[in-house]
Amino acid sequence: MLALIPALNCSQLWSLCPSQCKPPRIIRTRTPVVRLEAPHHCSTMSEEAFVTLATSDSYAKGAMVLGQSLRNHNTTRKLVALVGAHVTECCIEAMKSIFDEVSLVNVMDSEDTANLALMKRPDLGVTLTKLHCWTLTQYSKCVFMDADTMVLSNIDELFERGELSAAPDPGWPDCFNSGVFVFRPSNETHEKLLAFCSENGSFDGGDQGILNSFFNTWATADISKHLPFIYNLSSIAIYSYLPAFKHYGHNAKVVHFLGQVKPWNYSYDQQKGEVKGHSVAQQPGHLHPDYLLLWWQLYAKAVAPLLQTAYGDAPFISGFVEHKEHEDGAHQASPVSPPEPIKISSEERKKRWEAGRSTTWGTTHLPTLNANSTHS
Ligand SMILES: [Mn+2]
């Protein structure tokens, strides 16, 4: 029955109901038969969507893993990807297999306000692309998710929240993190956001700064707009408060690969099922190895084959390790090899601390996740 709902409109669904759905006992009562939940559901379901954004082919990989993770957990909502002008045709082709709608955003040839904002602040190009999600007015409500997020369970309940709902940012919890947020598409809001952009810019140079300044009562006005942290769990938080992660981490519903190093910056050995961190050995990793492995397993199983088909004979960066006959077996102790920790000067450590980063990767023992929370 659930699988049918998106394909039926209300009257079709109702037409099925009188003979099949109502147990006779309910008909005899005075209470409304299906408590209005069914019509409410079927009228909103097709009008709500998860939205993500890819500004490059690398982020497109992330977007596809995210989209596939939502599909794997049986979302009933539409999946929409906004893509910037730098994403290649083949990538867009592959994305169409996962997303209901892939929409090319070119802020330069759209609204006057956007052009004005860009002329004043050329650095805000990517940000304006993200704000474009407010123009998706064919949907009544949306959940925006960064392409560097991945869901671990169904999160359709987020559509019960109002605009603007988001989880606290681990670096400054009176700000929300803009990697996951609930919003209501509106051209009017979009125009206001663009005008706000061109007048005020962004205090952090990105969309998070603008959105926090614009929705500036988030911290205090309405607790229902504070999403629990498990809807936007960042690796940075894991390392900065490990006991809390040990205690609550198994409830996580969305992981956010926050920071400079993204899952697609690693590589993956398909034969061994191992993530290789050597390509980014210059930086200590911030990503939980179990989540990182989960990302790559999803990518290898569901995304890479789509890219392979889309690219055909043309070369593309799969991220997979080429296998050689004689491998150096030096790093095979753990099932997942994090990037090798490097020696850090105290000066550098101070800099990293100020940037809100952990430097203790090599010595911190992370709890492993239980099997339930890592199922694919
Ligand atoms: Mn992000």
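The values are calculated or read from the model by the stated rules, or taken from the named source; none is laboratory data. These numbers come from a predicted model, not from an experiment. All Cβ positions, glycine included, derive from the backbone under ideal geometry; neighbour counts span all protein chains shown.
Could you please tell me which pairs satisfy a Cβ distance under 7 Å, a separation of 6+ or placement on different chains, a first residue in region 124-148 that is within 14 Å of Lys192 (Cα to Cα) and within 16 Å of the ligand (Cβ to nearest atom), and a second residue that is assigned to a helix (DSSP H, G or I) and of a type outside the set (Phe, Trp, Tyr)?
Cβ pairs passing all conditions: Leu131/His190; Leu131/Leu193; Leu131/Leu194; Leu131/Asp207.
Six or more apart or on different chains, Cβ atoms under 6 Å: show the pairs whose first residue is in region 235-256 and basic (Lys, Arg) and whose second is at pLDDT below 90 and not in a helix (DSSP H, G or I).
Taking only residues 6 or more apart or on different chains, the pairs are Lys246/Pro367.
Among the residues of region 236-248, how many are within 16 Å of the ligand (Cβ to nearest atom) and either of a type in the set (Gly, Ala, Ser) or under 22 Å from Gly67 (Cβ atoms) (or both)?
1
In region 175-205, which residues are of a type in the set (Asp, Glu) and either in contact (Cβ under 8 Å) with a residue 40 or more places away in the chain or farther than 24 Å from Thr137 by Cα (or both)?
Glu191, Glu199, Asp204
Quick one: in region 88-101, which of the residues that are of a type outside the set (S, T, N, Q) and surrounded by fewer than 23 Cβ atoms within 10 Å (Cβ to Cβ) is nearest to Val254 (Cα to Cα)?
Ile98
Could you figure out which of (1) within 15 Å of the ligand (Cβ to nearest atom); (2) modelled with pLDDT of 95 or more isn't true of Gly209?
Of everything listed in (1) within 15 Å of the ligand (Cβ to nearest atom); (2) modelled with pLDDT of 95 or more, Gly209 misses just condition (2).
Go through region 103-146 and give me each residue that's modelled with pLDDT under 95, charged (D, E, K, R) and closer than 30 Å to Ile230 by Cα.
Within region 103-146, Lys130 is the sole residue that qualifies.
Taking the condition of being closer than 26 Å to Tyr231 by Cα and either within 13 Å of the ligand (Cβ to nearest atom) or among the charged types (D, E, K, R) (or both), how many residues in region 249-276 meet it? Write out each step before concluding.
Going through region 249-276, the residues closer than 26 Å to Tyr231 by Cα turn out to be 249-266, 275.
In the following step, the residues that additionally are either within 13 Å of the ligand (Cβ to nearest atom) or among the charged types (D, E, K, R) (or both) were identified as 253-264.
Here the count works out to 12.
Out of the residues in region 164-181 that are part of a strand (DSSP E or B), within 16 Å of the ligand (Cβ to nearest atom) and buried (at least 21 other Cβ atoms within 10 Å of the Cβ), which is farthest from the chain's Cα centre (by Cα)? Please lay out each step first, then the result.
From region 164-181, those part of a strand (DSSP E or B) are 165-168, 176-181; that's our starting set.
Next, only the ones that are within 16 Å of the ligand (Cβ to nearest atom) stay: 166-168, 176-181.
With buried (at least 21 other Cβ atoms within 10 Å of the Cβ) added as a condition, the list becomes 166-167, 176-181.
Values: Ala166: 13, Ala167: 13, Phe176: 15, Asn177: 12, Ser178: 10, Gly179: 7, Val180: 6, Phe181: 10 Å.
Filtering region 164-181 for residues that are part of a strand (DSSP E or B), within 16 Å of the ligand (Cβ to nearest atom) and buried (at least 21 other Cβ atoms within 10 Å of the Cβ), the one farthest from the chain's Cα centre (by Cα) comes out as Phe176.
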